[in-house]
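S.K.: Take a look at this one; I'll ask things after.
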Amino acid sequence: MSYRLTPRLASFARGKTIPAVVLLALAIGAGSAGAPAFALARFGAAGQGVVMQRNLSLGMAKTIAEAAQAECQAKGFHTSVAVVDRAAQVLVILRDEQATAQTVDMARRKAYTARMFRISTMEFQKRTAENPGSEAQRDLADILALSGGVPIQIGTDTIGAVGSAGSNLEQDDACARAGIAKVAALLK
């Protein structure tokens, strides 16, 4: 079986780098009126196949981490704080000199969980405890269902998360939120 591009699709594709599977799909669907419009919207001059996203800067991540750690230190706790970007990749980890070793991994995993589920780990902990159907989510790699992880959002767009570990669960959550509050004016 062979497929040919219609003259209209062939002229559209000339000089452009378009995946073969897309060209094949366009050739198969060339009879439908929607195929050329889809191709233009996806790869034409307006789209160019580039996605623009907001992301957390290293500077903002440092500010959030330092503010979260300072909040816990002011209350007498020795904690670790982690900040991840929108892809849940670590940007910053801070560990107080007197914080125990496991707090680093706990803070990272709290931040990861908050970013992946786009809710605080306090809320995640409650949801998965109350709903037996969701409980298995706790078993996913790097997920930690303990309070102290909070997503960093601009509107409904989650651009990162912060995790705090080493105090008590309510205080870890408060410290993470204090870190985000420090940059709240920039998250609009």
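The values are calculated or read from the model by the stated rules, or taken from the named source; none is laboratory data. Worth saying up front: this structure is predicted, and the values here are computed from it rather than measured. All Cβ positions, even for glycine, are placed from backbone atoms using ideal geometry, and neighbour counts span all protein chains on display.
S.K.: So how many residues does region 150-176 have that are touching a helix residue (DSSP H, G or I) at 6+ places or on another chain (Cβ under 8 Å) and touching a residue at least 40 places away in the same chain (Cβ under 8 Å)?
M.R.: Quick first cut of region 150-176, residues touching a helix residue (DSSP H, G or I) at 6+ places or on another chain (Cβ under 8 Å) only: 150-152, 158, 160-167, 169, 171-176.
When the remaining residues are screened for being touching a residue at least 40 places away in the same chain (Cβ under 8 Å), the result is 152, 158, 160-167, 169, 171-176.
Residues in region 150-176 being touching a helix residue (DSSP H, G or I) at 6+ places or on another chain (Cβ under 8 Å) and touching a residue at least 40 places away in the same chain (Cβ under 8 Å): 17 in total.
S.K.: Among the residues of region 51-97, how many are in a helix (DSSP H, G or I) and small (Gly, Ala, Ser)?
M.R.: Step one: list which residues in region 51-97 are in a helix (DSSP H, G or I), which gives 58-74.
Filter once more, so that each one left must be small (Gly, Ala, Ser): 59, 61, 65, 67-68, 70, 74.
Residues that pass the stated criteria total 7.
S.K.: State all residues of region 131-148 that are crowded, with 19+ Cβ neighbours inside 10 Å and either over 23 Å from Thr63 (Cβ atoms) or in contact (Cβ under 8 Å) with a residue 40 or more places away in the chain (or both); if no residue qualifies, say none.
M.R.: Step one: filter region 131-148 for residues crowded, with 19+ Cβ neighbours inside 10 Å, giving 144-145, 147-148.
Leu144, Ala145, Gly148 - these are the residues of region 131-148 that are crowded, with 19+ Cβ neighbours inside 10 Å and either over 23 Å from Thr63 (Cβ atoms) or in contact (Cβ under 8 Å) with a residue 40 or more places away in the chain (or both).
S.K.: On to the next question. Being in a loop (DSSP other than H, G, I, E, B) and closer than 20 Å to Val83 by Cβ is true for just one of Asp172, Asp142. Which residue is that? Spell out the reasoning first.
M.R.: Numbers: Asp172 fails: in a loop (DSSP other than H, G, I, E, B).
Only one candidate passes the filter, namely Asp142.
S.K.: Given the conditions (1) at pLDDT 95 or above; (2) assigned to a loop (DSSP other than H, G, I, E, B); (3) within 13 Å of the chain's Cα centre (by Cα), report the number of the one that Thr100 does not fulfil.
M.R.: (3)
S.K.: Given the criteria charged (D, E, K, R) and at pLDDT below 95, does Arg177 qualify?
M.R.: Working: charged (D, E, K, R): yes; at pLDDT below 95: no.
Answer is no for this residue.
S.K.: Could you say which residue among Ser164, Ser80 is crowded, with 18+ Cβ neighbours inside 10 Å and within 27 Å of Lys188 (Cβ to Cβ)?
M.R.: Numbers: Ser80 fails: within 27 Å of Lys188 (Cβ to Cβ).
Only one candidate qualifies: Ser164.
S.K.: Among (1) modelled with pLDDT of 95 or more; (2) in contact with a Phe, Trp or Tyr (Cβ under 6 Å, 6 or more places away or on another chain); (3) of a type in the set (A, V, I, L, M), which single condition is Ala27 missing?
M.R.: (1)
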